[in-house]
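I have placed the structure first, in the form of structure tokens, so that the comments after it can refer back to it.
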Amino acid sequence: MSQTPIFRAENVSKAYAGHVAIENISIEVPKGSIFGLLGPNGAGKTTFIRIINQITGPDTGSLWFNGERLEQKHLHQIGYLPEERGLYKKMKVGEQALYLCQLKGLTKKDALQRLKYWFEKFGIEAWWHKKVEELSKGMAQKVQFIVTVLHEPELLILDEPFSGFDPINTNLIKSEILELKKKGTTIIFSTHNMGSVEELCDHIALINNSRVILDGEVGEIRNRFRTQTYDIEFKGSMMDLGNSLGTYGELLNHDSDEGALSARVKLVNGATTNQLLGNIMRSIEVTGFHEVIPSMNDIFIEAVERYNREKQMA
Amino acid sequence: MSKIGLIIQREYLTRVRKKSFIIMTILGPVLMAALFIVPVWLAMNEEDDANILVIDDSMLFHERMEDTEKIHFHFPEYGLPLDSAKSRMMGSEDIDAVLFIHKKIISTPAGVQLIYDKQPGINVIRYIENTLENDIETFKLAKSGINQATIEAAKTNITLVTTKLDEVGEESKANTELSMVVGLFSGILIYMFIFLYGVQVMRGVIEEKTNRIIEVIISSVRPFELMMGKIIGIALVGLTQFLLWVVLSSTLISGSQTLVQQHFAKQEKGTSIEEAMSRSQSLAPESEEIAEAKLNEAAVNELFSNIDLIDFPVILGSFLFYFLGGYLIYSALFAAVGSAVDNEADTQQFMLPITIPIIFSFVMAQVVINNPESTMSFWLSMIPFTSPIIMMVRIPFGVPYWEIALSMALLVAGFIATTWLAGRIYRTGILMYGKKITYKELWKWLVYH
């Protein structure tokens, strides 16, 4: 991808009185991708997102939007759904949506037209004159989502977008996100819900303890975290399997469930799957063989733990 | 429309459309007018008719005590013993009290009794006392050969015409009492405005914080724009309410004034005993009475001409300036307090440094008003935190223009400084949740870049 990334951060650091929030963060968000910003609570994700939205400024480092230095004017091209989100409770839904969209630079006329489209799409036209306090939390979240995307931002930043949604609405929002991506919107997606990361993200950056400890394309990262581990289902005896592994594999664990035997084996000493299979097939009958691919959840935990270990050693 | 314009519009419209705003706008002047009307109304309706049986052993007052609208005197045949008068009172609904005047009332004024079965109002008692006192005094004076006319002629009333000689040598008359009223009233209004609307700014900030809408908004506008938009929007709400109050209360007050005047006109007929006495007893020639009336008229004219002496354009202009300036300098601080807390209950600890200067200036206003040109008054009207109230108290007495200009310039500078400081606290505070903030923390926000 030789295209200019829509957003780039270079060595961005920010300290609050007394503690470092983020340190030397450098990331590139390719145009049209869904970029997952992951990390445990308190890692510095929200601080970093606030810096992108120019709510706070970085102490050092530079930020670029579409190849230009990030400035106040770019806010109109950014949509932001914060984790701590809400609406004016006493204000009517329609009026409030209009107000928030106008603050993002839309004219009243444009805002009205687009709001109408989205309210119809979500089937919530009837809420227009209701006060926000009369809506349920999920309903308010829908309104909030609409307001976030209404000015058709080039870059959409969603901080824990699914918190507060029931599964049905989560799916609705997910499909909206994918549709926006199709239209060319780039999305930065901050979460610690790894399931949704696997489903949606093309790229991720994992932030832990104020630093990026892992970043890249999801497929590539998964490859990096493959552990040469395989699940084998077979007929025969566990003893035979164990004996036939020889120097190729190491038995991690095993299980026998109603006569069906299975085992998890890790390749060792640079052996290939063919060598392993060739060896064990002489003693047992293999009925299933597949690689154990690490889930994002495993990768997350593994990366964080590895980082913490290294830090302790140093 | 610019973003700050949008914010001002929202802050303004959501507030003026609230039911509470409309209710307060209507209720405010009604309450103010009630301050004028209720006492009069109470005075008119509070008392029942009092029927008093007069047993006058001295024979001095027989048929001479004049009835009022509510008080009626009854004079039985001479020689009715007190006891039978008492039993007559107990036996009938028509008599509420018995007034017993003993024989030697002139020499020993003590011992006059009012015996009642139904407690008479304080006004009844006072009226009887006054009537007796006046009558006895007149008798005594007459005995020593002084007639009523001589006394009236001896009465003197002095009102000083205070004249200020300024540097240019021009004389300007001043009416101290009127200046006091105008000054204090303006001061009180500014005091109220700062509190009422400053607190609204604070509440607005807390609302945005607890609703968690703040982060959505400051991803579109700068925190400072949001804060200023809110402050200006609420100032406009205040001005609107103030103007509506002025219009409504002047209508109501002028209405109630006519009511008051009517009432006093009536009362005068019934209660002005002195006049009645002098009319019936004095031998004074009519010309003197006319002369006295003319003197009164002159006094009234003097008061009205003094109203002209007060420089109303300057007062009105500076009132509006200090009204807004005072609000602005404090509301930024109120906004900062709102940003530092999660709910209104936590505001207490930070409110003190804000409320102390306001209350201090309000208290000092009463001192300044008695000595508007002292050194202390000068300094208090220069310091931006006290000047809105103190200067407004001083202005009706006449303050050199350079002092007003300096005070205004300092207020503007003070406003810019506090708003800048408050903005620094605000932009950090609005994003802090669930943390008890200390003064130390606030200081860090202030100095941290």
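The values are calculated or read from the model by the stated rules, or taken from the named source; none is laboratory data. Quantities reported herein were computed from a predicted structural model and do not represent experimental measurements. No Cβ is skipped: glycine too gets one built from the backbone with ideal geometry, and neighbour counts run over all protein chains shown. For the accessible areas, the whole protein counts, side chains as well, though only heavy atoms, and no ligand, DNA or RNA atoms are used. Shrake-Rupley method; radii C 1.70, N 1.55, O 1.52, S 1.80 Å.
With respect to B:THR68, determine if the residue is within 28 Å of the chain's Cα centre (by Cα) and surrounded by 16 or more Cβ atoms within 10 Å (Cβ to Cβ). In short, no. Can you name every residue in segment B:207-234 that is in contact (Cβ under 8 Å) with a residue 24 or more places away in the chain, among the hydrophobic types (A, V, I, L, M, F, W, C) and open to solvent by 10 Å² or more (accessible area, probe 1.4 Å)? B:PHE224, B:MET228, B:ILE232 - these are the residues of segment B:207-234 that are in contact (Cβ under 8 Å) with a residue 24 or more places away in the chain, among the hydrophobic types (A, V, I, L, M, F, W, C) and open to solvent by 10 Å² or more (accessible area, probe 1.4 Å). Whether a residue is of a type in the set (A, V, I, L, M, F, W, C), in the same structural domain as B:LEU184 (by TED's automatic domain parsing) and modelled with pLDDT of 90 or more was assessed, and B:LEU410 passes this test. Summed over segment B:222-244, residues that are farther than 15 Å from B:SER339 by Cβ and within 14 Å of another protein chain (Cβ to nearest Cβ) total 1. Within segment B:1-40, if we keep just the residues that are without any contact (Cβ under 8 Å) to a residue 12 or more places away in the chain and away from chain A (no Cβ under 14 Å), the residue that is most open to solvent (accessible area, probe 1.4 Å) turns out to be B:LEU35.
Being of a type in the set (Ser, Thr, Tyr) and within 23 Å of the chain's Cα centre (by Cα) is the requirement here; does A:TYR80 meet it? So A:TYR80 passes the test. When B:VAL368, B:VAL399, B:VAL337 are checked against the criterion of being among the aliphatic types (A, V, I, L, M), buried (at least 17 other Cβ atoms within 10 Å of the Cβ) and closer than 28 Å to B:GLU207 by Cα, B:VAL337 stands alone in meeting it. Within the set B:VAL399, B:VAL337, the sole residue that is in the same structural domain as B:MET228 (by TED's automatic domain parsing) and outside any helix (DSSP H, G or I) turns out to be B:VAL399. Note on segment B:340-350: residues that are open to solvent by less than 30 Å² (accessible area, probe 1.4 Å) and in a helix (DSSP H, G or I) amount to 3.
The strands (runs of 3 or more DSSP E) falling completely within segment A:1-93 that include 1 or more residues that are more than 14 Å from chain B (Cβ to nearest Cβ) and open to solvent by 20 Å² or more (accessible area, probe 1.4 Å) map to A:7-16, A:19-29, A:60-65. Among residues that are surrounded by fewer than 23 Cβ atoms within 10 Å (Cβ to Cβ) and within 14 Å of chain B (Cβ to nearest Cβ), A:LEU112 is not included.
Checking each residue in segment A:172-194 for being in contact (Cβ under 8 Å) with a residue 12 or more places away in the chain, of a type in the set (Gly, Ala, Ser) and open to solvent by 40 Å² or more (accessible area, probe 1.4 Å) picks out only A:GLY184. Among the residues making up segment A:119-147, those that are among the β-branched types (Val, Ile, Thr) and either open to solvent by less than 10 Å² (accessible area, probe 1.4 Å) or out of contact with any helix residue (DSSP H, G or I) (no Cβ under 9 Å at 6 or more places or on another chain) (or both) are A:ILE124, A:VAL143, A:ILE146.
Among the residues of segment B:415-449, those identified as within 9 Å of chain A (Cβ to nearest Cβ), open to solvent by less than 70 Å² (accessible area, probe 1.4 Å) and of a type outside the set (Ser, Thr, Tyr) are B:LEU431, B:GLU441, B:TRP445.
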